[in-house]
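The values are calculated or read from the model by the stated rules, or taken from the named source; none is laboratory data. All values reported here derive from a predicted model rather than from experimental measurement. Neighbour counts are summed over all protein chains in view; Cβ atoms, including those assigned to glycine, are modelled from backbone coordinates with ideal geometry.
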Amino acid sequence: MANFTSQDVMKLREATGVGMMDCKKALVATEGKFDEAIKYLREKGIATAAKKQDRVAAEGIIDSYIHMNGKIGVLLEVNCETDFVARSDRFKALVHDISLQIAAAKPEVVSKEDCDQSKVDIERDILTHQALNEGKPQAVVDKMVEGRIQKYYKEVCLLEQPFVKDDSKTIQQLIHEAISELGEKISIRRFTRYVVGEGIEKKKDTFIEEIQSAVDAVQK
């Protein structure tokens, strides 16, 4: 049974500027103890990050990452508030780790807000029909679909993805930790992921065609 109310969640949100879900998680983790919940959010870097969201982050760096002997490439822009932080080893390491994440995990967008809503709606519709075909009641279907949509976000949204070097935290949490350490707003502005040959239609010979080609070569 929860040791707190919705009013406690609102109070914590007002005190920290953190989103409702993170406030609720903090109260659950601390058994409803308000001061400990604030400490929990600060340790996670979430409260610090929330307080800095209204600041302007116009400095930063563009990082490039090449993987698989030149087969995969990433260009990434991450912003912070000052050139001093942008030139720090901590910030550069963070940006490089995010570049590595993009190369390995193939995100399509930075955040949920960047998703094409029409694609999300199509995905939700497909998942709903799949769940209904399994014979589940509507209430269960709604929960299943929401769970699968969240899984979809983790696949396509960079900030929602588990960090490839430590899957106990997401990229968003990784950034929160850096904000807490560096004391500045940090945000991912944009990225591009390149794969050699991507989008080019390649000829695919069938097995029979390969055999025939070999026979023809011998006969010549």
Go through the stretch 90-134 and give me each residue that's without any contact (Cβ under 8 Å) to a residue 12 or more places away in the chain and either closer than 22 Å to Leu158 by Cα or in contact with a strand residue (DSSP E or B) (Cβ under 6 Å, 6 or more places away or on another chain) (or both). Ala93, Glu113, Asp116, Gln117, Ser118, Lys119, Asp121, Ile122
If I filter the stretch 180-219 down to residues being of a type in the set (A, V, I, L, M) and modelled with pLDDT of 90 or more, which single residue comes out as surrounded by the fewest Cβ atoms within 10 Å (Cβ to Cβ)? Val196
Of residues in the stretch 114-134 being surrounded by fewer than 17 Cβ atoms within 10 Å (Cβ to Cβ) and part of a loop (DSSP other than H, G, I, E, B), the one modelled with the lowest pLDDT: Glu134
Please return the ranges of helices (runs of 4 or more DSSP H) entirely within the stretch 1-113 where 2 or more residues are among the polar types (S, T, N, Q). 6-16, 89-105
The lone exception for Ile98 - which of (1) more than 29 Å from Leu174 (Cα to Cα); (2) under 17 Å from the mean Cα position of the chain (by Cα) it fails: (1)
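Starting from residues that are in a loop (DSSP other than H, G, I, E, B) and not β-branched (Val, Ile, Thr), keep the ones in the stretch 135-183 and report whichever is nearest to Ala47 (Cα to Cα).
Gly183
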